[in-house]
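Okay, so here's the structure we're looking at.
Every number here is computed from the coordinates shown, using simple stated rules; none is lab data. In this text the structure is predicted, and so the values were computed from the model without any measurement. Here the Cβ positions follow ideal geometry from the backbone for every residue, glycine too, while neighbour counts run over all protein chains shown.
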There are 2 protein chains.
Amino acid sequence: MRILLVGAGGVGSAVVPIAARRKFFEHVVVADSKQDRAAQAVAKAGGDPRFSSIQLDASNRAEVAAALREHRCDVLFNAVDPRFTMSLFEAALDAGAHYLDMAMSLSRPHPAEPYRKPGVKLGDEQFALDGEWRAKGRLALVGMGVEPGLADIFARYAADHLFSRIDEVGIRDGSNLVVEGYEFAPTFSIWTTIEECLNPPVVWEDGDWHTTEPFSEPEIFDFPEGIGPVECVNVEHEEVLLVPRWIDARRVTFKYGLGQEFIGVLKTLRKLGLDTAEKVRVGAAEIAPRDLVAARLPDPATLGSRMRGKTCAGTWVKGVGVDGAPREVYLYHVVDNEWSMAEYGSQAVVWQTAIHPVVALELVASGVWSGSGVLGPEAFDAVPFLTMLEEYGSPWGMREHSLMRAA
Amino acid sequence: MRILLVGAGGVGSAVVPIAARRKFFEHVVVADSKQDRAAQAVAKAGGDPRFSSIQLDASNRAEVAAALREHRCDVLFNAVDPRFTMSLFEAALDAGAHYLDMAMSLSRPHPAEPYRKPGVKLGDEQFALDGEWRAKGRLALVGMGVEPGLADIFARYAADHLFSRIDEVGIRDGSNLVVEGYEFAPTFSIWTTIEECLNPPVVWEDGDWHTTEPFSEPEIFDFPEGIGPVECVNVEHEEVLLVPRWIDARRVTFKYGLGQEFIGVLKTLRKLGLDTAEKVRVGAAEIAPRDLVAARLPDPATLGSRMRGKTCAGTWVKGVGVDGAPREVYLYHVVDNEWSMAEYGSQAVVWQTAIHPVVALELVASGVWSGSGVLGPEAFDAVPFLTMLEEYGSPWGMREHSLMRAA
């Protein structure tokens, strides 16, 4: 397998040292709009000659397709901002390559009733091209990071091995990460978080999708391995669009454990009109308020060494077990920032996103996972993935309901 | 009396229709950096020939002194931003005029221990020139709006007529004003509110001033006339600097009834570094974050017709009554926005600030109040003021402690 990894930002750079420990591929070309950033990412392979870097404009479909052909890559691994998803997705299709991403094509709110009905949903533009991918016999594996990604695989595992009927698949993401030396420093991009959190959250229920007001259905979820209770709210996320396509569940939700403080900050930014990405005029200056907000906070990619704590991604499944009795489990994956910094030089949130697509590519390279068309992670057998994840040194866990009650 | 009213903003404009109903002065020259704004304020006198307008730069001491002489004004009434207090104060001294303001010269935090000790206090620069005012036999009546102003007069009244010993003078300001049609719209300048609330609050206690952290000592105060309970916090304000100079009180505080929502907004702005008035660079633009915040919210001066509710200013006094028994009273002044809009075309907060200096000027013009040097409102007899306030059609009230408990 020859891989064109597009994007040498936080996650793209974290992919390199993870992949460098594995033998399944022949070469990785790391591409970025900035050549030096691509080269810095390659440097994390510690001299492994299977990595090289190029400069590439991810928004230029023809240029990307040409790069795939020139470097004889059979898979495009998309690790850039979702604004570029469609140009990369179509470039891979043009060049006859397989494709993998961690965030799907963007949504647009319903014009009349944004907080009741979905408009264009996450991934809609990609699924519209499913026939073309099938016709070419190529695989587009979409939403294959941690969330979406591992979270969807947990849902598949629960459906195949733990439940005879699923009432709810509830993705729950939370952490106890703190950044030392700052009064307030998010551990992920506030620009992206505003985008995610202010889009109308989407929920699958009784055979259809609907949307809600931002920050809806707040709940306190008790995260495992010492993280503890964190306030979570509905957020628009790919799992809600992916899981119902392959798994029979009455309800699918995604709740983000932002915590009360962060939710308060986001609500205040919205209330004051400081969330908008549109430019506004102030005296002689023109500025997007959201850009100012981001500029006033430290860059989370630079905070790994000041960060402490653990991050958890997981899938809470409720329904009826294979024995016919009510069952409730939380399948989860926890990364300790201290460990990921020491072992891979990557902060926990970024590292946790980067490992799962590497595992998935190894399963595709070995033929354990195969298929054509536009497929989510839950379209594949979960067991080989979860087994290989442990082999990578990153175990997952499961908490039964009875334990949750006792916690 | 001939008055040079400097500043035709919200309060300056509201002064005109109040003064126009009175006979005590010969002429008011309304001066503003913008000639048309001064002319618009004069138009509120309904054709009264005792009002005229000029263009004037309030920061230019020589120009202001020349205007006082040219228009033969014997008093300068300062109704501009406190950044211009010193140039106007000194211009009046130069020209041999009396002087009145509603906000005193600005403070500067203690360089080493800003949240324990005061640095340069509000009014310090003005009191430093007390000797010169006395020598010239001219009066500088400082802090003569509603708060400071009426609140200080209430303290004087309590000391002279209600108490034999005062333990605490606690100014408490709150409202139930809401602005229809906006999710969030402060009824006063957020720029100024940030300035006031993020300066270290000052407290008088046991013979000296000290400062605290912003938003300290939160309490719920139950305001009268249907306003009800509002969360109040310590804020830097002139009364705390003025009252102890003339009234014997163990403790003097000022708490602003911002309410939980507004306090939350201010804390968030501070946490995100969006409170600063210093310019920061974002991409190609340079901008002061506080200017952006202000620009995103509606201008409170334009909201009077959409506003509903009442605003209350008052002084809570605790101690021992003249009969030797413990006593606790709240002396207050409430303005209903509906009334002030209908009667004067001014929103309640602005109108409540504008009326008291007009009453004070009438007392000075008639010789009931007289003196020389830099004096606060509590340096004068409160009774004629409170009597005249009722004559102006704007009554005040008093709530006894026992009633407060029952409320």
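The lysines within cross-link reach of B:Lys318, meaning a Cα-to-Cα straight distance under 24 Å and a gap of 8 or more places when in the same chain, are B:Lys255. Note down the net charge around A:Leu242, summing +1 for each Lys or Arg and -1 for each Asp or Glu among other residues with Cβ under 9 Å from its Cβ. The answer is -3. Here the range A:160-235 and the range A:294-334 have alpha carbon centers that stand 9 Å from each other. Measuring from a point 7 Å out along Cα→Cβ, what nm distances, shortest first, does A:Ser59 have to its partners in the other copies? Counterpart label points of A:Ser59 in the remaining copies fall at 4.1 nm. Taking only the C-alpha atoms of the range A:292-407, the Rg (one decimal) and the largest Cα-Cα distance, Dmax (whole number), read 17.7, 55 Å.
Checked against a 31 Å cut-off, the cross-linked pairs B:Lys121/B:Lys271; A:Lys44/A:Lys136; A:Lys310/B:Lys267; A:Lys267/B:Lys310 give Cα-Cα distances beyond that limit for A:Lys44/A:Lys136. Here the range A:348-378 and the range B:62-90 have alpha carbon centers that stand 74 Å from each other. The Cα atoms of the range B:1-150 define a convex hull whose projected area, averaged across directions, is 9.5 nm².
For A:Gly309, inter-copy separations between label points set 7 Å beyond Cα along the Cβ vector come to 3.4 nm, shortest first. For the protein assembly as shown, the convex hull spanned by the alpha carbon atoms encloses 194 Å³ per residue. Within the shell defined by Cβ-Cβ distances under 15 Å, the residues around A:Arg37 carry a net charge of -3, with Lys and Arg each +1 and Asp and Glu each -1.
Here the protein assembly as shown is treated with +1 on each Lys and Arg Cβ and -1 on each Asp and Glu Cβ, and its dipole about the Cα centre works out to around 920 debye. Just to be sure I understand: of the beta bridges DSSP finds with both ends in the protein assembly as shown, what percent are antiparallel, rounded to 5? So the antiparallel bridges amount to about 60 percent of the total. Cβ crowding within 10 Å, taken as a proxy for footprinting-reagent exposure, orders B:Asp36, A:Asp323 from fewest neighbours to most as A:Asp323, B:Asp36. Please name which of B:Phe254, A:Ser53, A:His27 has its Cα lying farthest along the dipole of the protein assembly as shown towards the positive end, using unit charges on Cβ (Lys, Arg +1; Asp, Glu -1) and the Cα centre as origin. Going by the charge dipole, the pick is A:Ser53. Listed by Cβ neighbour count within 10 Å, with the fewest neighbours leading, A:Ser13, B:Ser372 appear as B:Ser372, A:Ser13.
Counting neighbouring Cβ atoms within 10 Å and putting the fewest first, the residues B:Trp191, B:Trp351, A:Trp369 line up as B:Trp191, A:Trp369, B:Trp351. How charged is the neighbourhood of B:Glu217? Take every other residue with its Cβ under 14 Å from the Cβ of B:Glu217, and add Lys/Arg as +1 and Asp/Glu as -1. Once all neighbours under 14 Å are counted, the net charge is -3. Computed about the Cα centre, the dipole magnitude for the range B:2-101 is approximately 400 debye when only Lys and Arg (+1) and Asp and Glu (-1) carry charge, each at its Cβ. Distances between copies of B:Tyr115, taken at a point 7 Å out from Cα along the Cα→Cβ vector and listed shortest first: 3.6 nm. If both residues of a DSSP beta bridge must be in the range A:57-198, then about 10% of such bridges are antiparallel. A convex hull fitted to the Cα coordinates of chain B yields 146 cubic angstrom per residue. Taking every DSSP beta bridge that has both ends in chain B, the antiparallel portion is near 60%. Exposed loop sites, defined as GluC sites (Glu not before Pro) outside DSSP H, G, I, E and B with at most 15 other Cβ atoms within 10 Å, are absent from the longest region of chain A, namely A:27-179.
For chain B, the dipole from Cβ point charges (+1 on Lys and Arg, -1 on Asp and Glu) about the Cα centre works out to 500 debye, to the nearest 20.
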